[in-house]
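The values are calculated or read from the model by the stated rules, or taken from the named source; none is laboratory data. The structure displayed is predicted, hence computed values, not measured ones. Ideal geometry is used to build each Cβ from the backbone, glycine not excepted, and the neighbour counts take in all protein chains shown.
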């Protein structure tokens, strides 16, 4: 799959109905380099086709990122890809892919996921 020079490097799928997710994605969207990322709110009513290997329920269950080659990453690996794309987070993104740290970040992400609904309810 070719990637024209101006095409986004990544597609980020996020839950726009979640205030925590909206806050974090909003921050990324305001960062320099965010034009390299296409953001898709999977909670939107007129949801576009998410592509091979990803349906709405799966996309809402955790953070997913599609690379320009079509492959998917999720959880901490997905965040690391976003961070590597944004200049202000690039060093963090490079560190985050170090296997021991990536495992730790993924464990932290999985620990937070069950709390997301409660935290979101508090923020509403």
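Of the residues 78, 111, 93, 53, the single one that is surrounded by 15 or more Cβ atoms within 10 Å (Cβ to Cβ) and without any contact (Cβ under 8 Å) to a residue 60 or more places away in the chain is 93. Within the range 38-53, the residues that satisfy the criterion of being closer than 23 Å to residue 23 by Cβ and touching a strand residue (DSSP E or B) at 6+ places or on another chain (Cβ under 6 Å) are 38, 39, 40, 42. In contact (Cβ under 8 Å) with a residue 40 or more places away in the chain, on the phi < 0 side of the Ramachandran plot, under 16 Å from the mean Cα position of the chain (by Cα) and in a helix (DSSP H, G or I): does that describe residue 105? Taking the combined requirement at face value, the residue does not satisfy it. Report yes if some residue within the range 27-35 is assigned to a strand (DSSP E or B) and buried (at least 17 other Cβ atoms within 10 Å of the Cβ); otherwise report no. Checked the range 27-35: no residue is assigned to a strand (DSSP E or B) and buried (at least 17 other Cβ atoms within 10 Å of the Cβ).
Only one entry of 4, 48, 19 meets the criterion of being surrounded by fewer than 17 Cβ atoms within 10 Å (Cβ to Cβ), modelled with pLDDT under 95 and touching a helix residue (DSSP H, G or I) at 6+ places or on another chain (Cβ under 7 Å), and that entry is 19. In the set (1) within 15 Å of residue 8 (Cβ to Cβ); (2) within 14 Å of the chain's Cα centre (by Cα); (3) loosely packed, with under 13 Cβ neighbours inside 10 Å, residue 73 fails one condition alone, (3).
The residue that is modelled with the highest pLDDT, counting only those in the range 51-72 that are touching a helix residue (DSSP H, G or I) at 6+ places or on another chain (Cβ under 8 Å) and part of a loop (DSSP other than H, G, I, E, B), is 63.
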